[in-house]
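Encoded as structure tokens, the structure appears first; notes follow it.
The values are calculated or read from the model by the stated rules, or taken from the named source; none is laboratory data. Source: prediction; values computed, not measured. Because the Cβ atoms are built from the backbone with ideal geometry, glycine has one as well, and the counts that use them run over all protein chains shown. Keep in mind that these areas ignore ligands, DNA and RNA; they rest on the heavy atoms of the full protein, side chains included. Shrake-Rupley method; radii C 1.70, N 1.55, O 1.52, S 1.80 Å.
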Amino acid sequence: MKKILIASLLLCSSAGLSGCWDRTEINDVAFVIGSCVDKEKNLYRSTLQIALPGNLGGSGSEGGGGGTAGNKSYYLESKTGVTLRNSNMEVQAGNSRKLSFAHRRTLLLGEEFARENVAPMLDQFARIPQNRLSSLVAVTEGPAYKIMDASAPMEQFPSEMIRELMNQFTKRPVNLKLFANDLLSEGIDVSLPYISLQEAVPEGLKDDKKNIQITGLALFKGDRMVGVLKGQEVRMINLAMNQATSPDMLVSGPDGKGYVTIKFTENVAALKPIIRGDQITMRISILAKGAVIENNTDYSLGAKKNMSLLEQNASKEMIKQIHSGLRLLQEKYHSDTLGFGRAIQQKNPRAWERFKGRWDEIYPTVKVVIDTNLHIENIGAVVDKPFGRRDKEIKHD
């Protein structure tokens, strides 16, 4: 009887190994590679970028699968709903394949939606395990679905081009996990890449082309976007946040004429709060190494004196641009993008307990001191003089 019982148990246990009862065939799956959220009146508009496997073959490939007419390697489906999940269900209702979000790389937020409040949409991303919290997040100028359908000739999908641009823009691109973490954290406000369409060719050419480009930083206060930072200040604020990859900067020549372009290949920034009573000074220390990638001044950079003047001018220009950006952050948008409050919380928790209840009032009054230690260690692979100039035209000191 004992042997019979053991044999019966073994037979019963093996019955569960007979097949995949809950499988989904790959031909029945629609792979979402990018999505965006817009707001239309009181409704959420969800737009999904879905890969077309039959159009993903290489040059000359006929591809495979059905229903993949046209040259694009993707197509868009867009529906509205009272919640984000409801709008996705509306898309599913019109799709013959089961939507899979496990391969989503980017999530775009339309500007109008971002200016209301973005927190309510986050619930479904945390609640449904299939949603990838590693998806990168950005804000778009105008409706996000227009960016999602823009031309991306260098990549198979616009969502992939956006992902690559974000990886070039910052050391640590903001994904859904970091986005939610910063929204729920004290002493820091969210900032996201601001993406728009820019003219790729001069006006008047036969083929009018527009490229996807990161043109600024979308600034948040709480879960609402409050403004956009644009211009040269964006690169230097990104550097002060310790997030810049290899920013470049135009610096005036030693006599103030012409420009030298410097690319900072290495850079590190750190915050140190100095607190005396209710007076707060935030010291930003920046260490950077760079290389000259263009010189259209009349000066030879091989001269030690000229190099010293160039480094001084670079330091002044960097400090000027950071202060210019900080004035907008503190006085106009009241957005603690650099995380001054978080720096106080981490380095002086007792002081933060005093400040956090009235941080919105204190933040604009924080004094900022910037220390820079810049070193230009490379002036070019071949020449130290302005290339194409006669020696008698060049100033060596």
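Some notes on this structure:
- For region 71-195: rounded, prolate or oblate by the Cα gyration tensor [a/c cutoff 1.5]: oblate
- Charged side chains reduced to their Cβ positions (Lys and Arg at +1, Asp and Glu at -1) give region 243-290 a dipole of some 120 debye around its Cα centre.
- In this structure the chain gives 54 Å² per residue of accessible area when probed at 1.4 Å with all protein chains present.
- Positive end of the dipole of region 231-397 (Cβ unit charges, origin at the Cα centre): among Met241, Val369, Asn306, the Cα lying farthest that way belongs to Val369.
- Modelled spin-label separation between Ala200 and Glu25, with each label point placed 7 Å from Cα along the Cα-to-Cβ direction: 3.8 nm.
- Of Thr297, Thr80, Thr245, the one that fluctuates the most in a GNM where the chain has Cα springs shorter than 10 Å: Thr297
- Annotation: His375 carries an accessible surface of approximately 90 Å², with a 1.4 Å probe and no ligand, DNA or RNA atoms counted.
- Leading residue at positive end of dipole, the chain (Cβ point charges), from Phe169, Pro120, Ser185: Ser185
- Evaluating 6.51 cos²θ - 1.76 cosθ + 1.60 at θ = phi - 60° for every residue in region 252-267, the Karplus couplings come out as 5, x, x, 9, x, 10, x, 9, 10, 9, 10, 10, 8, 6, 10, 7 Hz, glycine and proline recorded as x.
- Nonlocal amide H pairs with Gln243, under 5 Å, H built at 1.01 Å: none
- In sequence order, region 103-113 has phi-based couplings of 10, 5, 9, 9, 10, 9, 10, x, 4, 4, 5 Hz under the Karplus curve 6.51 cos²θ - 1.76 cosθ + 1.60, θ = phi - 60°, and Gly or Pro positions carry x.
- In this calculation the C-beta distance from Val82 to Lys305 is compared with R0 = 56 Å, giving a FRET efficiency of 0.25.
- For Arg104, the residues 5 or more places off, or on other chains, whose built amide H falls under 5 Å of its own are Arg132.
- J(HN,Hα) series, region 233-247, from Karplus relation 6.51 cos²θ - 1.76 cosθ + 1.60, nearest Hz, glycine and proline x: 4, 4, 5, 6, 5, 4, 5, 5, 7, 6, 10, 6, 7, 9, x
- Whole-number percent relative contact order across region 26-229, with pairs defined as alpha carbons under 8 Å at least 6 apart: 19 percent
- Of Leu136, Leu328, the residue with the largest accessible area leads and the full order is Leu328, Leu136 (1.4 Å probe).
- Lysines with Cα under 28 Å of Lys367, excluding same-chain neighbours fewer than 8 positions away: Lys171, Lys221, Lys230, Lys272, Lys289, Lys316, Lys320, Lys332, Lys347, Lys356
- Gyration tensor (Cα) of region 231-397, equivalent ellipsoid semi-axes in angstrom: 38, 14, 12
- Computed magnitude of the charge dipole of the chain (debye, nearest 20; Cβ of K, R +1, Cβ of D, E -1): 1100 debye
- Spin-label pair Ala93/Gln168, simplified geometry with 7 Å Cα→Cβ offset, distance in nm: 4.1 nm
- Cα-projected label distance for Arg224 with Leu184, points at 7 Å along beta-carbon direction, nm: 2.3 nm
- Gyration tensor (alpha-carbon) shape descriptor, the chain, a/c threshold 1.5: prolate
- Remark: accessible surface ordering of Glu186, Glu77, Glu203 (largest first) is Glu203, Glu186, Glu77, probe radius 1.4 Å.
- Using only side-chain charges placed at the Cβ, +1 for Lys and Arg and -1 for Asp and Glu, the dipole size of region 71-192 relative to its Cα centre rounds to 560 debye.
- Residues in region 139-153 reached by a label modelled at Lys209 [backbone nitrogen below 12 Å; 7 Å Cα→Cβ]: 151-153
- Across the options Leu271, Leu107, Leu250, the greatest Cα extent toward the positive end of the charge dipole of the chain (unit charges at beta carbon of Lys, Arg, Asp, Glu) belongs to Leu271.
- The chain, accessible surface, carbon-and-sulfur percent (1.4 angstrom probe): 51 percent
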